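Worksheet: the structure to be examined is printed underneath.
The values are calculated or read from the model by the stated rules, or taken from the named source; none is laboratory data. Computed from a predicted model, the values in this text were never measured in an experiment. Backbone-built Cβ (ideal geometry, glycine too); neighbour counts: all protein chains shown. Surface accessibility is based on the protein's heavy atoms, side chains included, excluding ligands, DNA and RNA. Shrake-Rupley method; radii C 1.70, N 1.55, O 1.52, S 1.80 Å.
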Amino acid sequence: MSLCVHRVRGQSMSPHFNHNDYVMSFSWRQTEFCVGDVVVLNHPRFFTIIKRIAEINDQGELRLRGDNPASTPSEEIGWQPIHRVIGKVVWHIQPPSEATPTTNGV
């Protein structure tokens, strides 16, 4: 069983996950994946990526996509074997807004 925290880099998953947000992923031997799940994956070309599962083929490979239309196309990411998945995203942590004013009672 594995729980990991990952920092989102870039805007490929925007508007759901934005640059500098954090996500927590969960993985264990019997994790089941479904179309629509968001996963963290070790990609041979793009390294650690966070993407949504668009399709699962009969061999259990995943076709991934970003939520942002400007994201790297699924065809460029290619079909990915499940063994490259670090975990399924189970929690989204947004950083506090820098624009949020604070009051000190003065």
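Assorted remarks:
- Residues that are in contact (Cβ under 8 Å) with a residue 24 or more places away in the chain and assigned to a helix (DSSP H, G or I), drawn from segment 59-83: Ile77, Ile82
- Tallying residues that are closer than 19 Å to His16 by Cβ and open to solvent by 60 Å² or more (accessible area, probe 1.4 Å) within segment 33-45 yields 2.
- Within segment 48-66, considering residues that are at pLDDT 95 or above and open to solvent by less than 30 Å² (accessible area, probe 1.4 Å), the one farthest from Thr31 (Cα to Cα): Gly66
- Count of segment 18-43 residues, restricted to those that are assigned to a loop (DSSP other than H, G, I, E, B) and in contact (Cβ under 8 Å) with a residue 40 or more places away in the chain, is 6.
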